[in-house]
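Participant: Before we start, here is the structure in question, set down as structure tokens.
The values are calculated or read from the model by the stated rules, or taken from the named source; none is laboratory data. None of the values given here were measured: they were computed from a predicted structure. Methodologically, a virtual Cβ is constructed for each residue, glycine included, from the backbone with ideal geometry; neighbour enumeration extends over all protein chains shown. Protein only, heavy atoms only, side chains kept; ligands, DNA and RNA dropped before computing areas. Shrake-Rupley method; radii C 1.70, N 1.55, O 1.52, S 1.80 Å.
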Amino acid sequence: MSSKRIFIDFDGVIFDTENRVIEMKQQNSNMSWDIFFESLDWFQLLEEAKVINNAIDYILEGQKKSMQIAILTKIHSLIEMEAKTKALRNRNVKVPILFVPPHTKKSEIYFPNNGEILIDDSVKNLKDWAQKGGESIYFSETLNSSEFQTIKTLKRVL
């Protein structure tokens with residue numbers, strides 16, 4: 001268990017929205033990503049999304065222990081921001097949520113220069129985080145990373 005601040009990605013770590021969005025986009029391949037994201041019903045997506053490996057329970061446990069946890073998530077619209085906030089707050093998650101606008105790196109929203117931990121399913125995000133002085137942990141239910149410590153559940157860090 002760490003005393004460092006821990007940032008947890010939303011899509012693909014807490015909720016299985018990452019894969020769902022990619023599948024939906026493939027069905028609308030003629031649509032640009034920007035138009036696709038604007039037309040997506042984020043509330044329905046999050047209602048249908050599944051929590052990955054009891055992630056919410058582990059976040060609530062960490063919250064109860066007063067761990068320094070925050071959600072650090074990319075967003076493509078204000079509606080997505082609202083839907084993600086409601087999805088977390090309706091489950092009693094009260095940790096801070098930091099939103100990352102399109103075409104912005106997570107390390108530009110929070111500067112990880114003190115070894116802060118990022119748990120993410122994107123190797124690109126993890127590489128950038130580590131280059132800026134943070135500690136990166138790869139989250140994947142199926143793959144392992146030779147570059148980063150890999151976890152399949154938040155239980156190991158919270």
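Participant: Helices (runs of 4 or more DSSP H) wholly in the stretch 54-137 with at least 2 residues that are under 23 Å from residue 35 (Cβ atoms) and at pLDDT 95 or above - which ones?
Facilitator: Values: elements: 55-64, 78-89, 106-109, 123-131.
By residue number, 78-89.
Participant: Output the qualifying pairs, or none if there are none: Cβ atoms under 6 angstrom, residues six or more apart or on different chains, first residue in the stretch 97-112 and touching a residue at least 12 places away in the same chain (Cβ under 8 Å), second residue exposed (fewer than 12 other Cβ atoms within 10 Å of the Cβ).
Facilitator: Pairs that qualify, where the first residue is touching a residue at least 12 places away in the same chain (Cβ under 8 Å) and the partner is exposed (fewer than 12 other Cβ atoms within 10 Å of the Cβ): there are none.
Participant: Suppose we filter 74, 86, 50 for residues that are open to solvent by 40 Å² or more (accessible area, probe 1.4 Å), farther than 21 Å from residue 101 by Cβ and of a type outside the set (Phe, Trp, Tyr); which single one remains?
Facilitator: Only one candidate passes the filter, namely 50.
Participant: Could you check the stretch 9-40 and list, in sequence order, the residues that are farther than 19 Å from residue 125 by Cβ, in a helix (DSSP H, G or I) and open to solvent by 60 Å² or more (accessible area, probe 1.4 Å)?
Facilitator: 23, 24, 26, 27, 34, 35, 38, 39
Participant: So residue 3 clears everything in (1) open to solvent by 40 Å² or more (accessible area, probe 1.4 Å); (2) without any contact (Cβ under 8 Å) to a residue 12 or more places away in the chain except one condition, right? Which one?
Facilitator: Here residue 3 meets the rest and fails (2).
Participant: When you look at residue 127, is it open to solvent by 40 Å² or more (accessible area, probe 1.4 Å) and in contact with a helix residue (DSSP H, G or I) (Cβ under 6 Å, 6 or more places away or on another chain), yes or no?
Facilitator: No.
Participant: A further question on this structure: Does residue 43 meet the test of being surrounded by 18 or more Cβ atoms within 10 Å (Cβ to Cβ) and under 30 Å from residue 61 (Cβ atoms)?
Facilitator: No: the conditions fail for residue 43.
Participant: Cβ-Cβ under 8 Å, sequence separation 6+ or interchain: first residue in the stretch 67-84 and at positive phi, partner modelled with pLDDT under 95 and open to solvent by 10 Å² or more (accessible area, probe 1.4 Å). Which pairs?
Facilitator: none
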